[in-house]
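Here's the structure, in structure tokens; my notes come after.
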Amino acid sequence: QELLVESGGGLVQPGGSLRLSCAASGVIFSVDAMGWYRQAPGKERELVTSITSDGVTHYAEYAKGRFTTSGDNAKKVLDVQMSDLKPEDTAVYYCYARMRENKLSPIRGYWGQGTQVTVSS
């Protein structure tokens, strides 16, 4: 059973927009923090945006002004609206969450399976 369900992604032309959504499974007890990361071919995985446990939103420099995050750790969802996409935004995008599976389990980090975003004309 997937604990993080991602949707969105796909092929878009430069300058276009896409929306990525991530939701933690209903069986998850609580979410402490969530984020989106991306990994381009031959590169390391990097942060796109995140919402911390105290509700503060962070963006990578390249995302500021183009990407908008909406989410709620209590509701266990995190979306990112990506606009003015560039070819260099092409990557596999991964949802990440620090979650507690049940009332007694420790907080652990979990990754989604990833969704491909391709920006090309």
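The values are calculated or read from the model by the stated rules, or taken from the named source; none is laboratory data. Keep in mind the model is a prediction, meaning the values are calculated, not measured. Neighbour counts run over all protein chains shown; Cβ positions are idealised from the backbone, glycine included. The accessibility values were calculated without ligands, DNA or RNA, using every heavy atom of the protein model including side chains. Shrake-Rupley method; radii C 1.70, N 1.55, O 1.52, S 1.80 Å.
Taking Cα centre as origin and charging only the Cβ of basic (Lys, Arg, +1) and acidic (Asp, Glu, -1) residues, the dipole magnitude of segment 1-99 rounds to 80 debye. When Rg and the Kirkwood radius Rh are both evaluated on Cα atoms of the chain, their ratio Rg/Rh stands at 0.98. Charged neighbours of Phe29, selected by a Cβ distance under 15 Å, balance to +4 (K, R count +1; D, E count -1). Among the chymotrypsin sites (Phe, Trp or Tyr not before Pro) in segment 17-55, those placed in a DSSP loop whose Cβ has at most 16 other Cβ atoms within 10 Å are Phe29. Sparse packing (at most 14 other Cβ atoms within 10 Å of the Cβ) combined with a DSSP loop state is found for the following GluC sites (Glu not before Pro) in segment 4-66: Glu44. Taking the Cα atoms of segment 58-108, the ratio Rg/Rh between the radius of gyration and the Kirkwood radius comes to 1.08.
The residue among Ser53, Val92, Gly35 whose Cα reaches farthest toward the positive pole of the charge dipole of the chain, with charges on the beta-carbon of Lys, Arg, Asp and Glu, is Ser53. Placing a label point 7 Å from the Cα of Arg100 along the Cα-to-Cβ direction, the residues of segment 34-57 whose backbone N falls under 16 Å of that point are 34, 53-55. Across the accessible surface of the chain, with the other protein chains kept in place and a 1.4 Å probe, carbon and sulfur atoms take up 49 percent. Accessible surface area normalised per residue over the chain is 53 Å², counting heavy atoms of protein chains with a 1.4 Å rolling probe. Lysine pair count for the chain (Cα-Cα distance under 22 Å; residues 8 or more apart in sequence or on different chains): 5.
Simple spin-label estimate for Val27 and Glu46 gives 3.6 nm between the two label positions (7 Å along the Cα-to-Cβ direction from each Cα).
What is the sum of charges around Val119, taking Lys and Arg as +1, Asp and Glu as -1, for the other residues whose C-beta is under 11 Å from the C-beta of Val119? My count for the surroundings of Val119 gives -2.
Electrostatic tally near Met99: other residues with Cβ closer than 9 Å to its Cβ, Lys and Arg +1, Asp and Glu -1, net +2. Each Cα pair under 8 Å and six or more residues apart adds its sequence gap; the mean of these over the residue count of the chain is a relative contact order of 36 percent.
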